[in-house]
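J.: Here it is: the structure, laid out below.
The values are calculated or read from the model by the stated rules, or taken from the named source; none is laboratory data. Predicted, not measured: the structure shown is a model, and the values here were computed from it. Don't worry about glycine lacking a Cβ; one is built from the backbone with ideal geometry, like all the others, and counts go over all protein chains shown. Accessible surface areas use protein heavy atoms only, side chains included; no ligands, DNA or RNA. Shrake-Rupley method; radii C 1.70, N 1.55, O 1.52, S 1.80 Å.
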Amino acid sequence: MVAEAALRGSVRSFFEGLVPPEVIDAYDQLLASNGCAKDQAEALVGDAGLVEALTGWGMAHIQPHTPADPAWLRPASPDLALQGVLAGHQNRLARDQELLLDGHRRLADAQARFGADMNGRFPAHLVAVITDRAQISELSASTPRTKTG
């Protein structure tokens, strides 16, 4: 019993911060029972949303029914479940990166079209003409210097 509790605690630490706590609890329940009949899964893990979350994250899968057995919700082993969770995060990051890249392309297009006035000049709020020597010296001193080879 002590070894089982230690295993459950270490399994929990694999998923903390990666999936919501209620999904971890549902996985823990499913893992402790070594799965259950699909029609009893909602009662075991909490609700239909948690069953969907477990299968969506790759932490569990549904084995189809056979002539001898009903459809069964099986937990993935902790290493495979963690791999599924990480793959889900990686896929989401790839989608988000594509959105960000598309947004930057749109920004570059908008800046190319609207960055300068229609007459080719920069907007007045982006350009300042400074003729005061003290102000020029102050700005020059505050400008970061780069070393040249």
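J.: Under 8 Å between Cβ atoms, which residue pairs at least 6 apart in sequence (or on different chains) link something in the stretch 1-24 that is in a helix (DSSP H, G or I) with a partner that is at pLDDT 55 or above and of a type in the set (Val, Ile, Thr)?
T.: Short answer, once both residue conditions are applied: 12/24; 15/23; 15/24; 15/85.
J.: Against the definition (loosely packed, with under 13 Cβ neighbours inside 10 Å and over 20 Å from the mean Cα position of the chain (by Cα)), how does residue 70 come out, yes or no?
T.: no
J.: Taking the criterion of being open to solvent by less than 70 Å² (accessible area, probe 1.4 Å), of a type in the set (A, V, I, L, M, F, W, C) and closer than 27 Å to residue 12 by Cβ, would at least one residue in the stretch 86-104 satisfy it?
T.: yes
J.: Here are some residues: 54, 80. Which one is open to solvent by less than 50 Å² (accessible area, probe 1.4 Å), in a helix (DSSP H, G or I) and at pLDDT 95 or above?
T.: From the options 54, 80, the qualifying one is 54.
J.: While we're on this one: Please verify whether residue 61 is part of a strand (DSSP E or B) and either surrounded by fewer than 17 Cβ atoms within 10 Å (Cβ to Cβ) or without any contact (Cβ under 8 Å) to a residue 24 or more places away in the chain (or both), treating the condition exactly as stated.
T.: The answer is yes for residue 61.
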